[in-house]
1. Can you name the condition, by its number, that C:Met153 falls short on among (1) more than 7 Å from chain D (Cβ to nearest Cβ); (2) touching a Lys or Arg at 6+ places or on another chain (Cβ under 6 Å); (3) open to solvent by 30 Å² or more (accessible area, probe 1.4 Å)?
2. Going through region D:165-205 one residue at a time, which ones are more than 23 Å from C:Ile110 (Cα to Cα) and hydrophobic (A, V, I, L, M, F, W, C)?
3. Working only within region B:67-88, note down all residues that are closer than 18 Å to B:Trp140 by Cα and touching a Leu at 6+ places or on another chain (Cβ under 9 Å).
4. Among the candidates D:Lys40, D:Lys71, single out the residue that is in a helix (DSSP H, G or I) and either at pLDDT below 95 or out of contact with any Phe, Trp or Tyr (no Cβ under 9 Å at 6 or more places or on another chain) (or both).
5. How many of the residues making up region B:199-217 are open to solvent by less than 10 Å² (accessible area, probe 1.4 Å), out of contact with any strand residue (DSSP E or B) (no Cβ under 7 Å at 6 or more places or on another chain) and facing another protein chain (nearest Cβ under 7 Å)?
6. Any chance you could count how many residues in region D:44-88 are away from DNA strand F (no atom under 15 Å from the Cβ), polar (S, T, N, Q) and within 14 Å of another protein chain (Cβ to nearest Cβ)?
7. Of A:Lys103, A:Lys147, A:Lys196, which residue is open to solvent by 20 Å² or more (accessible area, probe 1.4 Å) and either at the interface with another protein chain (Cβ under 10 Å from one of its Cβ atoms) or touching a residue at least 24 places away in the same chain (Cβ under 8 Å) (or both)?
8. Condition first: more than 20 Å from the chain's Cα centre (by Cα) and not in a loop (DSSP other than H, G, I, E, B). Now tell me which residues in region C:154-187 satisfy that.
Number of protein chains: 4
Amino acid sequence: MNEWSFILMSNLIKSCSERKNAMGKKRGPKYDQIIEAAVKVIAENGYHHAQVSKIAKEAGVADGTIYLYFKNKEDILISLFEEKMGRFVDKIQEQIEGSLTAKDKLFILIEMHFKQLAENRPLAIVTQLELRQSNPELRWKINEVLKKYLDLMDTVLTEGKESGYFSEDLDFRLARQMIFGTLDEVVTNWVMKDCKYDLVSLAKPMHQLLVGGLCSR
Amino acid sequence: MNEWSFILMSNLIKSCSERKNAMGKKRGPKYDQIIEAAVKVIAENGYHHAQVSKIAKEAGVADGTIYLYFKNKEDILISLFEEKMGRFVDKIQEQIEGSLTAKDKLFILIEMHFKQLAENRPLAIVTQLELRQSNPELRWKINEVLKKYLDLMDTVLTEGKESGYFSEDLDFRLARQMIFGTLDEVVTNWVMKDCKYDLVSLAKPMHQLLVGGLCSR
Amino acid sequence: MNEWSFILMSNLIKSCSERKNAMGKKRGPKYDQIIEAAVKVIAENGYHHAQVSKIAKEAGVADGTIYLYFKNKEDILISLFEEKMGRFVDKIQEQIEGSLTAKDKLFILIEMHFKQLAENRPLAIVTQLELRQSNPELRWKINEVLKKYLDLMDTVLTEGKESGYFSEDLDFRLARQMIFGTLDEVVTNWVMKDCKYDLVSLAKPMHQLLVGGLCSR
Amino acid sequence: MNEWSFILMSNLIKSCSERKNAMGKKRGPKYDQIIEAAVKVIAENGYHHAQVSKIAKEAGVADGTIYLYFKNKEDILISLFEEKMGRFVDKIQEQIEGSLTAKDKLFILIEMHFKQLAENRPLAIVTQLELRQSNPELRWKINEVLKKYLDLMDTVLTEGKESGYFSEDLDFRLARQMIFGTLDEVVTNWVMKDCKYDLVSLAKPMHQLLVGGLCSR
DNA sequence: TATGAATGAGGATTCATTCAT
DNA sequence: CATGAATGAATCCTCATTCAT
């Protein structure tokens, strides 16, 4: 390692940190600071009282700095959702890949869904309550992000169907809507009840109910 | 019938329309006009562009008149939801009472849920999309209104459990959340897809899925 | 005079006060208050420091009231110019009609131009300095208003040419531009010199110069 | 005066221009780049959309570099005007010196005024339209720059008066204002009409009109 | 009861300028 | 000399609500 290798490495590092992300957005430590600040401020003040200046203050940057990293306020929210929901689904995916059966995979999905939101209550408040107050345009983009999650569910459902664990005539769209709608409703209720009971322990009965249905055998 | 009888009748009608309803609210023909106007205006313009003045114009009253019937804008929305959701649940209840088994009752509940929203798309848009943009406080009150619906589900679930049709160890809260969360998600997806497929025909497979679960037997 | 005549008069008065002006704009005493306030505030603070709230305060109305009478801030300025310049030209026209010869008419035009601006210094400051800082869109509309003035000049020039007082081969466009450009420059210099000399007394030499040119005979 | 004295003088001028200019301003190639960039950016985007960062980009320098050469944004504009108007007047002066009579000198002045602006339309747009949107303070300084031009006019007027070509009792201030106001108005109209007619050919009739006045002889 | 003109609080965003490197 | 990321002040307009008539 000599002077040249150092320079090359510097350039490499520099070009890395200067690299824009997939969305062509400027990145850097402040990008993450702002996202985290946004989660906190929205969770504490509610969507409609989360002024840009509050977020900037919480992030420890000037108001104007926000606009070096985000197009506008809405862009903060979309990015927040993309970042957080992206990781959210990625983590579930990782865990699922370690399981063998579709049954286990579904359980992991449910448990991880609950676990991640239970571990980050401000995020849970933001995703379950505050972000839903956003305008239709933002909600469309949120739906885009959710597609990745729905695709993951499809993978599990397909595998389960092939292994004979799930019904052969399972309607994927309905099944996805049942799983997502149920999990979402359960988490929303938990958040609205001030998170005062254990969410993760609901994973097991929830799994049984989704798999076995309401009916006795 | 003479002049006096007319005056008496007027007073009678007047005292009637002046009578407050159960919620202590003033009623009268304008009350309903305003509610209907609110549904129309919100469905057409979206929650955030549904100004009080627009609702007043649509209802054919002055802006100030709104405040003779409703405490504030939020009160219009809560009342709207109370009125509409009240009838919504009442109709489901009526139909359910005509059925014998818990299985049938659940099916009727699902079908009626879909049917009523499919029949009134503006209302569906308002309840599934627009009203969710309201602040958490309003959403709390909306949840209050939903209790009647959840109680109805409980009745069906209890009966089904007693008749042995539903699992003996069914967790009512989870079951309710699964049913409501699923139906809600299905309707929301239908609205977001511009209502371009038949919602009511999903009742049968939906019923089977909820009752039998994802699992093959 | 009876009940009916009273009602008829009421309606008449009502329809009068409700009448919008030619531009379809709401009128009323507040309309004029706001225009006057705008002239004063712009003259005192300069165009770029003339906040809507300052104008509202000066006019003795709430900020929001401004927007019942004007579309936006720019609309105040356009209206201001239309009103003031409208009267400005009208008054010149009136005076001109009382004169016999084209020579006199031109003199009256010059004198009235100077006189009206000398009598209303805040207005002079606004028209000569502040309003020129406005954006191109506003400046186009200002030009529209000026057309009436230019047409008036044309009338005088035509008459003068016909009577043989003005050159037969006079280029109207150039003549108009010379007259307007000169008067405008003279007034602007007067305003920039803090109006500290008598403007109106310049009318006579100005007239001679425009009519006779620089050349000795 | 020989070759050497020319070289010495060149060096003197050069070292002068590389150090500070008469106004105590730093000079260098970037100084001119920035001025040229400012003309282009203002002409293309308008005064209010000519951000410092745009000018810097066009000049191929960093935003901060601007402030090594100019005190602030306003200083760019003043300098722009000083530079361009300085050359503008110098060129007219040069040409005038070649003429014999006051009559010819005035004609040259008019023709050169039109010619130079017709040859550089971006500059014409900037001086006639965009720079007038600046605040009165800047406009004061612009007037300072114009003094040199007015002085030149005075020279011509004095000479003409002495030679008996211009009236003996000519008011210089009014005459200057008439000449400048007229030329300025004519050029402004030409710019606002998108420069779609020939400006220079107006010099002759314009000259006749200014010299001979509106009146027939 | 009904009206509707008037109110006034509240917030996202731009861009000239600085200064650590 | 040169850079450019960071700063932060400054303002127009909307719309729920009131109250004199």
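1. C:Met153 satisfies all of (1) more than 7 Å from chain D (Cβ to nearest Cβ); (2) touching a Lys or Arg at 6+ places or on another chain (Cβ under 6 Å); (3) open to solvent by 30 Å² or more (accessible area, probe 1.4 Å) except (3).
2. The answer is D:Trp190, D:Val191, D:Met192, D:Cys195, D:Leu199, D:Val200, D:Leu202, D:Ala203.
3. Of everything in region B:67-88, those that are closer than 18 Å to B:Trp140 by Cα and touching a Leu at 6+ places or on another chain (Cβ under 9 Å) turn out to be B:Glu74, B:Leu77, B:Ile78, B:Leu80, B:Phe81, B:Lys84, B:Met85.
4. Unique residue meeting the criteria: D:Lys40.
5. Number satisfying all stated conditions: 3.
6. Number satisfying all stated conditions: 1.
7. A:Lys103
8. Answer for region C:154-187, where residues must be more than 20 Å from the chain's Cα centre (by Cα) and not in a loop (DSSP other than H, G, I, E, B): C:Leu157, C:Thr158, C:Glu159, C:Gly160, C:Lys161, C:Glu162, C:Phe166, C:Phe172, C:Arg173, C:Leu174, C:Ala175.
The values are calculated or read from the model by the stated rules, or taken from the named source; none is laboratory data. Please read all numbers here as calculations on a predicted model, not as lab measurements. Glycine gets a Cβ as well: all are built from the backbone with ideal geometry, and neighbour counts include every protein chain shown. Heavy atoms of the whole protein, side chains included, go into the accessibility calculation; ligands, DNA and RNA do not. Shrake-Rupley method; radii C 1.70, N 1.55, O 1.52, S 1.80 Å.
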